[in-house]
Amino acid sequence: MKKKWLKNMGLADARYVDEASPDMNYRKSNWKRITGVCVACLLVLVLNLVLFIPYSTELPSVAQYRESEYYALIQKLNVINYKPPNYKNNFELLSDKLDGLLSFGVKGDMAPGDPMMPDPIDPGDAGAVPEGANGTYNEVTDNQVNGVIELDRIKRSDKYIFYLDIHRLSVYNIAGEETEELGHYKLDTNYLINEDVGFYLSNDCSTVTLVLPKSRTLNENGEYSNTGPCVEVVSLDVTNPTAIRKTGEFAITGNYMTSRSVGGEILLLSEFYINESKLNFAKTDTFVPKVLKNGEWNYLSVSDIVIPDNLSELRYTVVTRLDERTLEPDVNTAFLSYSSDAYITEDNIYLTHSYLSDGEIDGENYRETVTDITSVSYREKKVLVVGTVTVRGYAKDQYSFDEYEGILRVVTTTNRRRAYSDRLGYFDGDAMLKVASGVSNASLYCISLDNFEIVASVIDFAPDYEEVQSVRFDKTVGYVCTSVEISDPVFFFDLSDINNITYKDTGTIDGFSTSLINMGNEFLLGIGRGSWSSVKIEVYEECENGVRSVCKYELQNAEYSQEYKSYYINREKGLVGLGITDYSKTGERSRYILLEFNGYELYPIVDVELQGENAFKRGVLIDGYMYMFGFGVFEVVKIDA
Amino acid sequence: MNDEKIIDLYFERSETAISETSAKYGGYCHTIAYRILLSNDDAEECVDDTYVKAWNTIPPNRPRRLKSFLATITRNLAINRIEYETAKKRNVPICNIIDEFYEAIPEERADECDRLVLKDAINSFLSSLDKRTRVVFMRRYWYMMSVAEIARGMDMSESNVTVTLFRTRKKFREHLLKQGVEI
């Protein structure tokens, strides 16, 4: 049977028999095999080329720009902008990425004495106040340095009060409860960065100079283009408050840093940041700041640019001096370097740059923030780099610096921590805190302005983990408030002998102060928080064994602004005014309060409702009347202070 | 000489028909016979018998494909010889192929069946296969080639050939059941 079936296979059609004949070749043809091998080899070759060809480490050539006046600058920028590849080839790159998937101010020495624009400078006389049609200038702003006027939203003469809110500059007569707005100038609020807006009033009270930082730049067509920020400066003739008119304008590309009015000139510091991703040496505006003069944009000349030998960052700090009335720039000097903050005195600008620095102590690697402080002299004929010093830590703000009798005093928050050479287990909480936040503390440095060397210091004077909240210097005394979380000590430093610096503190008390104000008579006023939801104003005084709290005024469920210029300080009468937002009652209540310190206690003498951002509110006491300004509103209250 | 002319020689009763046939297909027929009989002498005898049978059947038959015509004769003669050998209780190595193939036959269909129906069933099955599978199947159960020989000739692995044969036998079984082949 079985064989019969096998025989039955003989019934298969002849074509199938022929098809299956043993002499029919069904082997895969060699050429297919060879082609397959060749293709495979080619793929392997291509893969090797893609994976293992080393990335180029050569600096890109910029020879095509040799005819440009900025060629020397371009060459420097080319070097700093060049980033060598992190990996040797694609294989390393892919390996690293796969591994990741699988496992869970320039430090550059600026050459001192670099000469810039040769135009002579007339320092003017900050003290003389010419009597003009608009009256006599009266300082309202609590300037850090005498004679160096700071930008503010309120200025006054003996006739008028000038106040700048978000939309306009208003001029008010000074008439007590009969006060009214006489005129105003509307701002171009397009792309305005409100937090940095302010103005100056000239000594003769005839000119207001508005400083208007913007996030976009107006081009020649009068349109705002998205090429980056700029600082606009506008001068206004306010001799007739009812007919305020624009008399001049200036602009410079970049971010606003700070400004001052000194001796009839506006000193403007701006920062021009070179965007590496947009850097194109064929387009000058990607690497050189521009200024607007007489309606035309022009690049800073290469002779206006100071390039340090050791360049590490693509940022300029531009120092511009403008005539207060005409806004004609006397000087434009761009330092190709860095600056995160500036402290300005009558003669010098101190530019700061903070960065991380690695070191080793007792065989252990550590990392901390350090700050380079560069002094630039601006009042002479030329703008010059005077010297540079490096201190540990970072400074909180301009008040952390003070120049006094040839010594620069600086208070910093230091934050040394162990470098991540080995990872800590997450169960080690204390060690993690130390590593993560560093063992922060506070330090005081005294630097000689003759040779820019540290001549005295008090290192880590605060409890561990504390950070500097506020600083104030007053000649031979320095005040520092530090805190961690919501408690602070306040330190009083005796700086009369820098070879023997002593200090006292309050010990740990509730709350912390974000601003310290010397009220005179050895009283120190601190404005800050009592708890995370309260506003606290406290008075301290030095005593034999330390520093004690004299009195405090605290508002629960309230907010305030840390903007120092929003505080009204009257040392003569012991007054302090500020805007607050009160959340304690139903709904939000925006207010302005004025406190009086009588030597023993702080108590409110004015408490009015006043709309607006606390940072923009302003107040001033004139002849027994407290004038308070907010957003589109003002209040006048008669007081008997 | 092409197949048409060789067939014409048969029709002309020319004795050169046999020599021409031997020259062209002698080795082919020998291979078929040898695979079944595994003996050169027996294979030679089988091939000679193939020529005789071809002479006796052409004419009147005029095969369209001379090669497969001769191969079928040789195959049948060789299988008949196996029947003879097994009847004489002689060792027949081909039995494993027979047993293997018989697995594909449904038990209930193991009896005799109508020849035309069977032919139709077999050929319809073969036509349903892809060429490569069909060639493997035919080489195994028509040409009685070993798995190794089939693997070499088809550029396949032996296990691949074995699996192909297993699956095809299974399909053949299902096909016969569907066809309702009365065996």
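The values are calculated or read from the model by the stated rules, or taken from the named source; none is laboratory data. All values derive from a computational prediction rather than experimental measurement. Methodologically, a virtual Cβ is constructed for each residue, glycine included, from the backbone with ideal geometry; neighbour enumeration extends over all protein chains shown. Just the protein is used for accessible areas: all its heavy atoms, side chains included, with ligands, DNA and RNA removed. Shrake-Rupley method; radii C 1.70, N 1.55, O 1.52, S 1.80 Å.
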Task: Centre separation in Å (Cα based) which lies between segment A:1-67 and segment B:42-62 - done: 45
- [ ] With the cut-off at 14 Å, report for segment A:486-532 the share of all Cα pairs above it, as a whole percent.
- [x] 58
Task: Residues in segment B:39-75 occluded by at least 30 Å² - accessible area, probe radius 1.4 Å, against chain by itself - done: B:R65, B:K67, B:S68, B:R75
Open item on the list: Report the gain in length on full extension from A:Q611 to A:A243: 0.36 nm times residue separation, minus Cα-Cα distance, nm rounded to one decimal.
Closed with: 129.8 nm
Task: Qualifying trypsin sites (Lys or Arg not before Pro) for segment A:462-532 [loop in DSSP, other Cβ within 10 Å: at most 11] - done: A:K475
- [ ] Leaving ligands, DNA and RNA out of it, report the carbon-plus-sulfur percent of the accessible area of segment B:1-52 at a 1.4 Å probe.
- [x] 46
TODO: With a 1.4 Å probe and every protein chain left in place, work out the accessible area per residue of segment A:581-641 in Å², rounded to a whole number.
DONE: 47
Open item on the list: Let's see if you can work this out: charge +1 on each Lys and Arg Cβ, -1 on each Asp and Glu Cβ, no other charges. What is the dipole magnitude of chain A about its Cα centre, in debye to the nearest 20?
Closed with: 4380
Open item on the list: Using only the alpha carbons of segment A:1-102, what is the convex hull's orientation-averaged projected area in square nanometres?
Closed with: 16.5
TODO: Measure up A:K7/B:K119; A:K83/A:K278; A:K155/A:K290 against 19 Å on the Cα-Cα distance and list the ones that go over.
DONE: A:K155/A:K290
TODO: Grab the alpha carbons of segment A:255-385, take their convex hull, and tell me the volume per residue in Å³.
DONE: 136
TODO: List the residues of segment B:152-174 that lose 10 Å² or more of accessible area once all protein chains are present, compared with their chain alone (1.4 Å probe, heavy atoms only, no ligands or nucleic acids).
DONE: B:R152, B:G153, B:M154, B:D155
- [ ] Give the carbon-plus-sulfur fraction of the accessible surface of segment A:315-415 in %, rounded to a whole number; probe 1.4 Å, heavy atoms of protein chains only.
- [x] 39
TODO: List the accessible area buried at the contact between B and A, summed over both sides and calculated with a 1.4 Å probe, in Å² to the nearest 100.
DONE: 3700
TODO: For the pairs B:K5/B:K170; A:K396/A:K536; B:K67/B:K170; A:K88/A:K396, note any where the Cα-Cα span goes beyond 31 Å.
DONE: B:K5/B:K170; A:K88/A:K396
TODO: Would you mind computing, in nm to one decimal, how far apart the modelled labels at A:D99 and A:D23 are, each placed 7 Å from Cα along Cα→Cβ?
DONE: 6.5
TODO: Give me the percent of Cα-Cα pairs in segment B:24-69 that sit more than 18 Å apart, rounded to a whole number.
DONE: 29
Task: Geometric extent, Cα atoms of segment A:463-573 - Rg, Dmax (angstrom) - done: 13.5, 45
- [ ] Using only C-alpha atoms and all pairs of different ones, pull out the Kirkwood radius for segment A:446-523 in Å with one decimal.
- [x] 13.4
Open item on the list: Rolling a 1.4 Å sphere over the protein heavy atoms, what is the accessible area per residue of segment A:268-419, to the nearest Å²?
Closed with: 37
Open item on the list: Accessible area per residue for segment A:130-216 in Å², computed with a 1.4 Å probe and the full protein assembly in place, what is it?
Closed with: 36
Task: Whole-number Å³ per residue for the convex hull built on Cα positions in chain A - done: 308
